Amino acid sequence: MSKIPRTTNRNFNAEPDPKILERINLMYQTYIETSQNPLSQLGPEFNEFFKSERIISFRIKTPKALNQKGEAALQEPKLWILWMFILFLDQRDTFSNILKVCKDGFGFVKQKDALIEGLNVLLGKCPELEVKPEDEDEFGKLIGDRPSKAPKEILAVSKCGKYVLVKLAQDQQMRLKSQFAVAPIKDMEVDSSVAVLSLTKMLQRSNYSYHPSP
């Protein structure tokens, strides 16, 4: 498994301020989960809130805590996912740079898989975000190497030979709202007759669902 940076945060196990957490969850629900508000309004609301709540600085790509409240809030994956949306929507940042921010987030959050799933949601809601071939290697490094729990039905392999399109278990289908998902090839045995597709095509077929260890 790839090494995940550890934070030196002395407040790593502290619970986020309920008021801050409630607002983060509300923004995530209204803009990401339910699309109740248009994504174009996310950046202004997010920035205005954290301008009044001076606990985290977003002046550089990776959020920086200004105090213990900020350190605790940075443990919340939804905060990082919202910020990754803003990096693309407002700053038109590249997927490569967003991956780097996601990797930095691994040093703060406890639910690391939630960040990976957040990238899936970003790709699904922003299909114009280009995933370049060189991003694929970084994506693989980001998720690390985790052994598959059980053999999966493989439907296609990526042109780069590092990813497969698999059929998900029923519970995973319900959670990801997709019958299929893109996954790292790892130690899976791929039959030579399996279709070869681009990563973009595989993501489209899986409804932009990615699972690091299906």
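The values are calculated or read from the model by the stated rules, or taken from the named source; none is laboratory data. This structure is a prediction, so every number in the text was calculated from the model and none was measured. Positions of Cβ are backbone-derived with ideal geometry, glycine not excepted, and every protein chain shown enters the neighbour counts.
So here's what we get for this one:
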item	result
Residues of region 14-41 satisfying the condition of being in a helix (DSSP H, G or I) and under 14 Å from LEU89 (Cβ atoms)	MET27, TYR31, ILE32, LEU39, SER40, GLN41
Top-ranked residue of region 19-41 - restricted to ones that are of a type in the set (A, V, I, L, M) and free of Cβ contacts under 8 Å to residues at least 60 places away in the same chain, ranked as surrounded by the fewest Cβ atoms within 10 Å (Cβ to Cβ)	LEU26
Residue in region 82-90 that is touching a residue at least 12 places away in the same chain (Cβ under 8 Å), exposed (fewer than 15 other Cβ atoms within 10 Å of the Cβ) and within 20 Å of LEU115 (Cβ to Cβ) present	no
Answer from GLU189, GLU138 - the residue that is among the charged types (D, E, K, R), surrounded by fewer than 17 Cβ atoms within 10 Å (Cβ to Cβ), more than 18 Å from the chain's Cα centre (by Cα) and modelled with pLDDT of 75 or more	GLU189
Positions within region 91-115 being assigned to a loop (DSSP other than H, G, I, E, B), without any contact (Cβ under 8 Å) to a residue 60 or more places away in the chain and in contact with a helix residue (DSSP H, G or I) (Cβ under 7 Å, 6 or more places away or on another chain), in sequence order	ASP93, VAL109, GLN111
